[in-house]
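Below you'll find the structure, written out as structure tokens, and then a few comments.
We did not get these values from a lab; they are worked out from the coordinates using the rules stated. These figures come from a predicted structure and were not determined experimentally. In this analysis, Cβ positions are derived from the backbone assuming ideal geometry, glycine residues included, and neighbour counts consider all displayed protein chains.
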Amino acid sequence: MAKENSKAKDWYKSWWVILIAIGLLLWSFGFLSNPFSGESELKRDYKVTDFFCTQSAYVDMVSSGNREDQVISGLIYLYEDCPDLSSYHVTITESTRECLYSLNGEVVKYWYEGIGEENQLISEESKRIIENDIGFTLWKSQAKYYFEFESMNGISDMTIQQMSLSGAYKDYLENGITRTTIYSIIHDYEINGQFNCE
């Protein structure tokens with residue numbers, strides 16, 4: 001009788017081991033989500049339709065409320081789950097169009113790692129990568145335009161965003177790529193740019 005009870009207990013233990021093993025396999029292949037992952041955190045606030053990491057990181061979300069907050073949240077949680085990738089892409093789907101925000105991985109890295117810090121050194125190699133990126137070229141063109149506009153006309157006809165771009169460009173001229181540049185690329189061009197939606 002004692003042997004039968006012992007066998008029943010051993011089977012019960014094996015059953016839980018099998019369940020845990022199956023659960024770990026499903027989780028490792030992406031069929032179960034990690035409740036502590038960035039994707040899970042993002043799903044608590046937004047309707048996420050796709051989230052994955054390859055050589056680049058991607059998240060697709062349905063438009064909801066403040067666009068800047070949504071894109072920033074997407075970038076934060078993408079970076080937490082997919083650090084140090086070559087690029088990060090946030091797509092916001094509206095009823096009639098999609099808006100895609102693409103950022104160079106070096107920009108996202110220094111922005112994310114610099115949240116809450118006043119000073120942060122950027123390596124020369126990272127500066128080179130950022131300056132050769134199309135996103136930086138577009139930011140520089142727009143920021144230069146508003147810097148020159150402010151120089152000729154003052155700030156009376158400028159929005160806060162335009163003044164911010166002008167100030168960031170002035171800092172870039174004086175100091176090269178700094179944390180101010182990184183912040184401006186994300187907050188002023190990529191989020192508020194008018195050419196992201198189709």
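Label sites at Glu198 and Lys144, each approximated as a point 7 angstrom past Cα along Cα to Cβ, lie 2.5 nm apart.
Under a Cβ-only charge scheme (Lys and Arg +1, Asp and Glu -1), can you give me the dipole magnitude of segment 55-198 about the Cα centre, in debye to the nearest 20?
Numbers: 9 positive and 24 negative charges, 56 e Å.
In total the dipole reaches around 260 debye.
Hey, with R₀ at 25 Å, roughly what FRET efficiency would Glu94 and Arg44 work out to, going by the Cβ-Cβ distance, to 0.05?
Numbers: r = 21 Å, r/R0 = 0.85.
For R0 = 25 Å, the calculated efficiency reads 0.75.
Give the order of Cys53, Cys197, Cys82, Cys99 when sorted by the count of other beta carbons within 10 angstrom, beginning with the fewest. Listed from fewest to most nearby Cβ atoms, that is Cys197, Cys53, Cys99, Cys82. Can you give the FRET efficiency for Glu125 and Ser102, using 1/(1 + (r/R0)^6), R0 = 30 Å, r = Cβ-Cβ distance, to the nearest 0.05? About 0.90, to the nearest 0.05. With the cut-off at 20 Å, report for segment 90-185 the share of all Cα pairs above it, as a whole percent. Here the tail beyond 20 Å accounts for 44 percent of pairs.
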